[in-house]
Amino acid sequence: MSSQNIIHADGKRAIIYLRVSTEEQVENFSLDTQEEICRKEADKKGFQIVDIFREEGRSAKNITGRPVLINLLEYCRRNKNKVQAVFVYRLDRVSRQTADYLAIRKKLLENGVNILSATEPTGDSPTEKLVETILAGFAQLDNDIRSERAKNGLRARFMAGKVITGQVPLGYLVQAGYAVKDSESWDNMKKAWDLMATGTKSLREMAKIMNDWGLREKYATRTYEMRAQRVCKIFRSKFYTGFLTSKTYVEEIKGQHVPMITEEQFYKVQAILDGRNVNKVALATRNHSHPDFPLRRIIRCAKCGKGLTGGWSKGRNAKYGYYRCGGSCTGASIKVEELENTVVSLLKKYTPKEQSLNMFVTFMYKIYHERLARVTKLKNEADTEIDRLKNLRKTLVEKNLAGVYSDEVFKEQNSLIEDQMLQAQIAKDDGTIDKYNIDAVTTFIRTLLADLGETYRRSSISQNKVLLGSMFPSGLAWSYNGTLNHEISPIYGAIQNFSETGVSTCAEDRT
């Protein structure tokens, strides 16, 4: 905006308002061209131009976000009756909304200023004011038509399965208006979905893992690290299954992009997310494992119930490891080797005989195939239900598009179908027995149970925790007389004494 002092002289004074939008700049509809035409019209009508207001790259949809126009109105208020007109190239330079245009004109008239178009018939006469109002209405009509065309174009694009914005989820990028694989992030994003589907990672853990893999969100020219909240939003996106959804449109459309995951995997992850309270993340606990004292905190003191702790005692020529009560009991200690040997002896005691082990493996094969048949039946039923729900949703979409169902009814019914599909998918995924290799499982069991003492010796501390915890659910307590107080798990007790009678009895109980 140029700044000139108003010249007090006889004659009419005016200002010029120039505006060009970003689109019009591309079309070379410059402010200088508008100014030249406005000056010629002002000279023709006998006006002296005393100031010029230039607004560049601003939309005419409404007055919000147009600071130069606001400054113009304030200028006219301060110089009331000192300026008689504001020249514009066209009336739509002021506003494309009729109501806004009339409000602006009223505000200017209160200060003695008329709006004059350099290319349209405007003036003070009733006829010219009527034409002015009609032209303002045409400007809004043109604006509304453009907006409607844009909306229809976006909807048509969405219904055709094409992305309607430049933003696509991590793992994809937009090329020529289509979502395609992003070679830099596709493989890692697919790995992230597979890991999330295991149900073993929290959102915070997934965020850290994805950051370590180099996955980053991109907006404009900036990149952002993963956060738990953003990771949750990513794993809620159905875009990865090949479908398009939108807050604007109620339909769910098959996209023209390549799916990253199956619908089954998507619904499995949704069930995991729905079942997780991210606000109750377990705090990290102190790691009590120590390679020199593998039974520390695993074995309890029989007197007070506190876990044993480990430490070194310095002898004349060397250091010796001992376990001691972690509570208030004093004086009692046991050599590391002695406690280790006692545990190994106890495990060997409960090692099943070869005949019992063979019968147990036979029983496992029998139960496995019985359950596999039942799981297969349930999965087939779930597949049938999922297909039925998909067809029902397709019919729902068609009736919504035909106007039979309103958007509100569509949303309500589609939500019910989604819930039912999720339940069907959960029922389908619950039976995971078919994913196990029974031969590999039985080989592992034979190796594990052939000699429990040797299994203990060759296993890690964490593996031994699992072994001892499963065999002795109530724990082991050192009584300081060379024995371990214990209660064997019924399962291990049954395996130890497994017989042909046990196989038939258990099988009958199952049925």
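In nanometres, what is the gap between the two model label sites at D419 and R90, each 7 Å from Cα along Cα-to-Cβ?
Each label point is offset 7 Å from its Cα along the Cβ direction, giving 5.3 nm.
Expressed as a whole number of Å, what is the distance separating the alpha-carbon centroids of region 373-422 and region 161-222?
The distance from the Cα centre of region 161-222 to that of region 373-422 comes to 28 Å.
Could you rank the peptides 90-100, 368-378, 170-180, 111-121 by their average count of other C-beta atoms within 10 Å per residue, with the highest value first? It would help to have the intermediate numbers written out before the result.
Values: 90-100: 20.6, 368-378: 13.4, 170-180: 16.2, 111-121: 18.5.
Ranking the peptides 90-100, 368-378, 170-180, 111-121 by packing returns 90-100, 111-121, 170-180, 368-378.
Count neighbours as other Cβ atoms within 10 Å of each site's Cβ, and list the chymotrypsin sites (Phe, Trp or Tyr not before Pro) in region 433-500 that are DSSP loop with at most 12 such neighbours.
The qualifying sites are Y436.
Looking at region 354-496, I'd like the Rg to Rh ratio, where Rg is from alpha-carbon atoms and Rh is Kirkwood's inverse mean 1/r.
1.27
How far is it, in nm, from the label point at E370 to the one at Q463 when both lie 7 Å from their Cα along the line to the Cβ?
3.1 nm
Going by C-beta contacts inside 10 Å, put K303, K247, K40 in order with the fewest on the left.
K247, K40, K303
Projecting each Cα onto the charge dipole of region 354-496 (Lys/Arg +1, Asp/Glu -1 at the beta carbon, about the Cα centre), which of A402, S415, H369 comes out farthest on the positive side?
Highest projection toward the positive end goes to H369.
Rank these for me by crowding, I417, I104, going from fewest to most other beta carbons within 10 Å.
Ordered by Cβ neighbours within 10 Å, fewest first: I417, I104.
Any chance you could run the full-extension gain for N380 through E264? It's 0.36 nm times the residue separation minus the Cα-Cα distance, nm to one decimal.
Values: separation 116, 0.36 × 116 = 41.76 nm, distance 1.37 nm.
Extra length from N380 to E264 when fully extended: 40.4 nm.
A99 to D292: FRET efficiency via 1/(1 + (r/R0)^6), r the Cβ-Cβ distance, R0 56 Å, to the nearest 0.05?
Approximately 0.10, to the nearest 0.05.
Laboratory data are not the source of any read-out in this text; all were calculated from the coordinates shown. Nothing here was measured: the structure is a model prediction, and the numbers come from that model. Cβ: placed from backbone, ideal geometry, glycine included. Neighbour counts: every protein chain shown.
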